[in-house]
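Participant: Sharing a structure, written as structure tokens. Questions coming.
The values are calculated or read from the model by the stated rules, or taken from the named source; none is laboratory data. Because the structure is predicted, anything quoted here is derived from the model rather than measured. In this analysis, Cβ positions are derived from the backbone assuming ideal geometry, glycine residues included, and neighbour counts consider all displayed protein chains.
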């Protein structure tokens with residue numbers, strides 16, 4: 001597309017907006033367009049026209065278009081930046097975490113300072129090279145390793161369900177300790193043969209049961 005055609009397109013599409021499909025497609029198209037028109041050798045007016053054309057067809061802001069054109073002028077191409085995640089170097093490996101879990105399993109998961117002292121002695125006094133890195137671990141980092149997935153997978157403790165000591169539902173003879181008393185029993189049965197008796201709130205019969213005897217109706 002020539003510069004004259006680009007100018008005509010911009011005039012005819014003032015009310016139309018365009019957007020790119022993806023970031024990589026936009027970068028490729030911008031680089032290709034600038035190379036085809038040899039942007040670096042164009043005059044000021046032609047550069048402004050190409051800048052407006054790029055902004056119109058990609059939907060990018062003026063600042064974004066300026067940045068893309070600046071990349072092309074500096075390097076001769078337009079490529080998306082490669083993102084590199086900054087990560088701190090890993091000091092303690094999964095083997096160290098698994099070894100910490102073994103120590104906690106053998107000592108019933110003691111406190112952080114006590115566990116750290118054990119790790120120091122394993123390397124300093126007993127000369128076990130496997131504990132060289134763990135010997136210098138801080139208490140805070142020790143707790144962080146305990147929260148890791150590797151540790152939780154290795155150190156899994158289960159507590160069995162303990163039976164309850166409550167006597168719920170147990171049937172036994174009352175123990176009144178020699179004192180008179182009775183139990184109030186409410187039923188939902190209506191009196192038979194048209195008899196009368198004291199009724200509970202549910203409309204049932206009320207009986208008095210001796211402490212260790214058989215039920216007898218209240219007259």
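Participant: Do you know which residues across the range 128-142 are without any contact (Cβ under 8 Å) to a residue 24 or more places away in the chain and in contact with a helix residue (DSSP H, G or I) (Cβ under 6 Å, 6 or more places away or on another chain)?
Facilitator: Within the range 128-142, 128, 132, 135 qualify.
Participant: Could I ask something else about it? Looking at residue 32, is it in contact with a helix residue (DSSP H, G or I) (Cβ under 9 Å, 6 or more places away or on another chain), more than 30 Å from residue 138 (Cβ to Cβ) and not assigned by TED's automatic domain parsing to the domain that holds residue 149? Can you show your working first?
Facilitator: Numbers: in contact with a helix residue (DSSP H, G or I) (Cβ under 9 Å, 6 or more places away or on another chain): no; more than 30 Å from residue 138 (Cβ to Cβ): yes; not assigned by TED's automatic domain parsing to the domain that holds residue 149: yes.
In short, no.
For every residue, the table says whether it meets (1) in contact (Cβ under 8 Å) with a residue 12 or more places away in the chain; (2) loosely packed, with under 15 Cβ neighbours inside 10 Å.
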| position | (1), (2) |
| --- | --- |
| 51 | yes, no |
| 55 | no, no |
| 70 | no, yes |
| 80 | yes, yes |
| 87 | no, yes |
| 102 | yes, yes |
| 106 | no, yes |
| 119 | yes, no |
| 126 | no, yes |
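Participant: Out of the residues in the range 89-100 meeting the condition of being in a loop (DSSP other than H, G, I, E, B) and at pLDDT 85 or above, tell me which one is surrounded by the most Cβ atoms within 10 Å (Cβ to Cβ).
Facilitator: Here is the first cut: in the range 89-100, the ones in a loop (DSSP other than H, G, I, E, B) are 89-93.
The next check asks that each one be at pLDDT 85 or above; those that pass are 91-93.
Values: 91: 10, 92: 17, 93: 11.
Top of the filtered list is 92.
Participant: Right, next: For residue 37, state whether it is more than 20 Å from residue 21 (Cβ to Cβ), surrounded by 10 or more Cβ atoms within 10 Å (Cβ to Cβ) and over 40 Å from the mean Cα position of the chain (by Cα). Explain how you work it out, then say what you get.
Facilitator: On the way: more than 20 Å from residue 21 (Cβ to Cβ): yes; surrounded by 10 or more Cβ atoms within 10 Å (Cβ to Cβ): yes; over 40 Å from the mean Cα position of the chain (by Cα): yes.
So residue 37 fits the description; yes.
Participant: Right, here's the next one. Residue check: is residue 42 over 46 Å from the mean Cα position of the chain (by Cα) and surrounded by 12 or more Cβ atoms within 10 Å (Cβ to Cβ)?
Facilitator: Values: over 46 Å from the mean Cα position of the chain (by Cα): yes; surrounded by 12 or more Cβ atoms within 10 Å (Cβ to Cβ): yes.
When the stated conditions are applied, residue 42 passes them.
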